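For reference, the structure is listed below as structure tokens.
Quick note: the coordinates plus some simple rules give every number you see, no bench work behind them. Quick caveat: nothing in here was measured; it's all calculated off a predicted structure. Using ideal geometry, Cβ is built from the backbone for each residue, glycine included, and neighbour counts are taken over all protein chains shown.
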């Protein structure tokens, strides 16, 4: 689009962008939750080992790491629309491959497909950045929260459809635990289609065109600034919260199954956990904008520690305490993700934003992959209580990170939105 846009015009485009992101996040949340709920159980069934039950989570997150890097680069070079639509399409193909691998009992195909399926997880998280490209600085965390809370509808529905999807799959000769991946395939492909067809004008391209045109002449290295300190702080916050959450969440279904909980109860616990990951977002976003990024990051560490302690003391047959532990776990992750994402957005500009965000999400995914693998080993060696305490204690590292950021100066530069009529380039 060409011409001039006033702040009111940009606000209108931002509202439309948020609605499109909301639609894609609802679909993406359903695809994400399907695999998280039964991934460990499916791997245990096919591979025949409790110690390898954390492998799907590791593969999801390794695939997520590769995709985060590629989506970030593709978004920077082409557009958010192209990058996000491609990521969701790849995730949908991975879900299809997982179903086929389970039917054929092909371990190589299953493992490769779980890796590819992780593309949907990365893309679902990267979509939150699209909500911030045109947001004013004082509303960035709130914009992030709108994107995240919309994931709740699909993410909560997904685990509660485990039993009916399993029955549907069994009726067609497909292993019951592969049934939720059918939902994942449809949801991810639909999310990609929504973004590809509707995300116009592209928010990142538009934000880039609104930047001041006063950069010095020269090569890319001369014209694109480096991210601020806040990007490193935000990345650390998100990495630590991801490790703590993934480690405990991954093995909870296995722990519950070992204590004779059915798929319905497992689905309930995971759905409430995922609800806590996304549903509090509107409140969290407002608090992060008003109270500050770093105080809320410390709050995330405290909540994650409480989640680990409750999980460690909960008897295996206590559904209520397991629900409480997983809800606290989701809430701590929610606070850490929104605070960390806001720090990253504050410390970047459109010229380096998507690339930086993609690289940071690679670190988040890789740390989650390590946590997924380690969770099975730790639980096999020391039990679920040890795993829960270790995950909770790890979150306390957020406190020295915050102190370091305060001593290092401002957490990042905040770029101001346009305040006057601004020329707009093609998008």
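Specify the angular offset, from 0 to 90 degrees and rounded to the nearest 10, of the alpha carbon long axis of helix 281-291 from the longest principal axis of the alpha carbons in the chain.
50
Please report 196, 60, 278 as a ranked list, fewest other C-beta atoms within 10 angstrom at the top and most at the bottom.
The most exposed by this proxy come first: 196, 278, 60.
Going by how many other beta carbons lie within 10 Å of each one, how would you line up 290, 16, 80, fewest first?
On the way: 290 11, 16 16, 80 27.
Least to most surrounded, the residues fall as 290, 16, 80.
Could you tell me how many degrees, from 0 to 90 and to the nearest 10, lie between the Cα long axis of helix 319-346 and the main elongation axis, the longest principal axis, of the Cα atoms of the chain?
Relative to the chain, helix 319-346 is tipped by roughly 20 degrees.
Before rounding to the nearest 500, sum -39500 (n - 2.57) across all DSSP H runs of length at least 4 in the chain and divide by the residue total; then give [θ] at 222 nm in deg cm²/dmol.
On the way: 17 runs with 332 residues, N = 427.
Using -39500 (n - 2.57) per qualifying helix, the result is -26500 deg cm²/dmol.
On average over all directions, what projected area in square nanometres does region 88-203 have, based on the convex hull of its Cα atoms?
7.6
With springs only between Cα atoms under 10 Å apart, run a GNM on the chain and tell me which of 275, 170, 143 wobbles the most.
Among 275, 170, 143, the largest GNM mean-square fluctuation belongs to 170.
May I ask you to derive the relative contact order of the chain, considering only C-alpha pairs under 8 Å and at least 6 residues apart, and to give it as an integer percent? Before the final figure, lay out the partial values.
Details: 928 pairs, mean separation 120.3, N = 427.
Relative contact order for the chain comes out at 28 percent.
Exposure proxy check: 110, 205, 70, 319 ranked by fewest other beta carbons within 10 Å?
Arranged by neighbour count, lowest to highest, 110, 205, 70, 319 become 319, 70, 205, 110.
When the chain is fully extended, how far beyond the present Cα-Cα distance does residue 290 get from residue 77, taking 0.36 nm per residue of separation?
Values: separation 213, 0.36 × 213 = 76.68 nm, distance 3.36 nm.
Value of the extension gain: 73.3 nm.
What fraction, in whole percent, of alpha-carbon pairs in the chain exceed 27 Å separation?
47
Would you please calculate the Kirkwood hydrodynamic radius of region 238-351 over all C-alpha pairs and express it in Å, rounded to one decimal?
Values: mean 1/r = 0.0687 Å⁻¹.
In region 238-351 this quantity evaluates to 14.5 Å.
Helix 55-77: angle to the longest alpha-carbon principal axis of the chain, degrees 0 to 90, nearest 10?
Approximately 10 degrees, to the nearest 10.
Between residue 393 and residue 6, what length comes free when the chain is fully extended (0.36 nm per residue of separation minus the Cα-Cα distance, one decimal in nm)?
Fully extending the segment from residue 393 to residue 6 adds 134.4 nm.
Quick check: residue separation of residue 168 and residue 100 times 0.36 nm, minus the Cα distance between them. What number comes out in nm?
Stretched out fully, the residue 168 to residue 100 stretch lengthens by 23.0 nm.
Please state, as a whole number in µm²/s, the translational diffusion coefficient that the Stokes-Einstein equation yields for region 248-306 at 25 °C and 0.890 mPa s, with Rh defined as the Kirkwood radius across alpha carbon pairs.
Values: Rh = 13.4 Å.
Rounded to a whole number, D works out at 184 µm²/s.
Between residue 16 and residue 317, how many nm apart are label points set 7 Å from Cα along the C-beta direction?
Inter-label distance under the simple model: 5.9 nm.
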